[in-house]
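S.K.: What follows is a structure written as structure tokens; I'll ask about it next.
The values are calculated or read from the model by the stated rules, or taken from the named source; none is laboratory data. Since this is a predicted model, take the numbers as computed values, not measurements. Note that each Cβ is placed from the backbone with ideal geometry, even for glycine, and that neighbours are counted across all protein chains shown.
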Amino acid sequence: MRVLLVAAGSRGDVQPFVALGVGLRRAGHEVTVCSTGDFGSLVREHGLAFIGSKLSATAVMDSELGREWLGHSSHNQFVELRRFRAFVRTWGVQMAGETAALAGSFDLVISGVLTAYGSQALAEASGARHVIALLAPFEPTRAGWAGVQAPLPDRWSRRNLVAGIMGSWILADIIQPPGERVRELLGLPRGSRRQIRQIFRDTPSLLGFSAAVVPPPADWPTGQLITGYWFLDGGAPPEPVRGWIEEFLTAGEPPVYVGFGSMSTQDAAGTMASILEALARTGRRGIVSSGGAGLASVGAESDDVLMVGSVPHGWLLPQCAGAIHHGGAGTTAAALAAGIPQGVVAHIGDQPYWGRRVFELGVGASPIRRHQLNADSLTAMITDVVDPVRKLRAAALGDRIRSEDGVARAVAQLGELVR
């Protein structure tokens, strides 16, 4: 079977799709990943075909609009939505136009949340099947624990369901322009937000997270299939980076990892100053990832703080005492699998949900939003993260998650769906 995975977003969004693609290739399928051009090496080095957009995810997220949305929207959800909508209409439409040329080349199209509408058009024009792959629980539900936008997270409530439905209409409005561009290029009639909402209701969805983290609610439709996380074996970083990190790790007690992934900012210096002050106050050693915020540009290495670039989380995090991060689905999953406590400084999107969820499970500190990040809040978070009881809970949940094979289960589910 010829399978196309359409992955949009940061590395944390794309890497699970690559892991899923590797599993499908091992099962005998012909797999191609379509994403922004800067993920070509990641895809090809794992034996998958790659079709790259002319866009660069790194450049897009480091643009003026990207920095404003990612790093400076958490104070107001309406500002965040407005910037997210502008971001998708600016960059998503361009990638969608390039994707339309792939119609007719595949038997199965697997999309993410942002590419679902356009991918449905590809499937329609090709006579192919369409499956949605999600890294967070977007389906509206009364269950607070499974509602990304739940106003009553500790309850089973109709208010949670209504909030989820409202969120689904907002999402439909945001992703409609790229999808309409695909439909236009393929000669398909224009759709509507109602049709987009129905696509999410009717299309089978593979959910790439663990039921131990998000137990499936009784009111989800039958097509919502939790498989477990989709982890990619990234191995260790190359030399000499590995040697530098290992030397630092063996020089003292396990450090706290601090990194905000691809989240960019207009204030790298202020962010780094807060991190250093919090580490100093708590007496903890730290490994700080430069990431999209460009924290390495501040130049803050010392005997107790090591700056790193992109390092495989699966290798690094199990060697740390805890992790402070942005709450992206991929980083949250990596910290859970590592069996270490974590604290989330949520910037955008589903990140507040993951911060809340790990706190509810007792494996994470009380989350904060990006605009609340300062030396005081980080000091409190680090202190909470290294709590011995939280460490024990995180280790137990990590054992459970590592026992799951989310990729194998997803591949098996896909086999059933397209039989």
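S.K.: For region 332-351, give me the residue count where each residue is farther than 20 Å from Pro255 by Cα and without any contact (Cβ under 8 Å) to a residue 60 or more places away in the chain. Full working, then the answer.
M.R.: Step one: of region 332-351, the residues farther than 20 Å from Pro255 by Cα are 346-351.
This time we only want the ones that are without any contact (Cβ under 8 Å) to a residue 60 or more places away in the chain, so: 351.
Result for region 332-351: 1.
S.K.: Determine whether region 110-132 contains at least one residue that is surrounded by fewer than 18 Cβ atoms within 10 Å (Cβ to Cβ) and of a type in the set (Lys, Arg).
M.R.: The first filter runs over region 110-132 and keeps only residues surrounded by fewer than 18 Cβ atoms within 10 Å (Cβ to Cβ), leaving 124, 127.
Right, trim to of a type in the set (Lys, Arg) and you get none.
No, every residue in region 110-132 fails to be surrounded by fewer than 18 Cβ atoms within 10 Å (Cβ to Cβ) and of a type in the set (Lys, Arg).
S.K.: Among the numbered criteria (1) within 23 Å of Gly364 (Cα to Cα); (2) in the same structural domain as Gln413 (by TED's automatic domain parsing); (3) surrounded by 14 or more Cβ atoms within 10 Å (Cβ to Cβ), which single criterion is violated by Asp154?
M.R.: (3)
S.K.: Moving to a separate point now. Could you look through region 98-120, keep only residues that are within 24 Å of the chain's Cα centre (by Cα) and part of a helix (DSSP H, G or I), and pick out the one that is farthest from Arg197 (Cα to Cα)? Before the answer, list the steps.
M.R.: Filtering region 98-120 down to residues within 24 Å of the chain's Cα centre (by Cα) leaves 98-99, 108-120.
Of the ones still in play, those that are also part of a helix (DSSP H, G or I) are 98-99, 116-120.
On the way: Glu98: 24, Thr99: 21, Ala116: 10, Tyr117: 9, Gly118: 13, Ser119: 14, Gln120: 12 Å.
Here the answer is Glu98.
Conditions tested, residue by residue: (1) in the same structural domain as Glu68 (by TED's automatic domain parsing); (2) among the aliphatic types (A, V, I, L, M); (3) closer than 19 Å to Gly406 by Cβ; (4) part of a loop (DSSP other than H, G, I, E, B).
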position: Val288; (1), (2), (3), (4): no, yes, no, no
position: Ala296; (1), (2), (3), (4): no, yes, no, no
position: Ser310; (1), (2), (3), (4): no, no, no, yes
position: Gly314; (1), (2), (3), (4): no, no, yes, no
position: Pro318; (1), (2), (3), (4): no, no, yes, no
position: Gly330; (1), (2), (3), (4): no, no, yes, no
position: Ala337; (1), (2), (3), (4): no, yes, yes, no
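S.K.: Output the qualifying pairs, or none if there are none: Cβ atoms under 6 angstrom, residues six or more apart or on different chains, first residue in region 154-171 and farther than 15 Å from Trp220 by Cβ, second residue part of a helix (DSSP H, G or I) and of a type outside the set (A, V, I, L, M, F, W, C).
M.R.: Within 6 Å, the pairs are Asp154/Gly144; Arg155/Gly144.
S.K.: Hey, another quick one. Starting from residues that are closer than 24 Å to Leu276 by Cα and of a type outside the set (Ser, Thr, Tyr), keep the ones in region 324-337 and report whichever is farthest from the chain's Cα centre (by Cα).
M.R.: Ile324
S.K.: Within region 71-81, identify whether any single residue is assigned to a helix (DSSP H, G or I), buried (at least 17 other Cβ atoms within 10 Å of the Cβ) and β-branched (Val, Ile, Thr), and answer yes or no.
M.R.: no
S.K.: Among the residues of region 349-364, write down those that are hydrophobic (A, V, I, L, M, F, W, C) and either part of a helix (DSSP H, G or I) or surrounded by fewer than 24 Cβ atoms within 10 Å (Cβ to Cβ) (or both). Lay out the reasoning, then the answer.
M.R.: First, the residues of region 349-364 that are hydrophobic (A, V, I, L, M, F, W, C): 354, 358-359, 361, 363.
The answer is Trp354, Val358, Phe359, Leu361.
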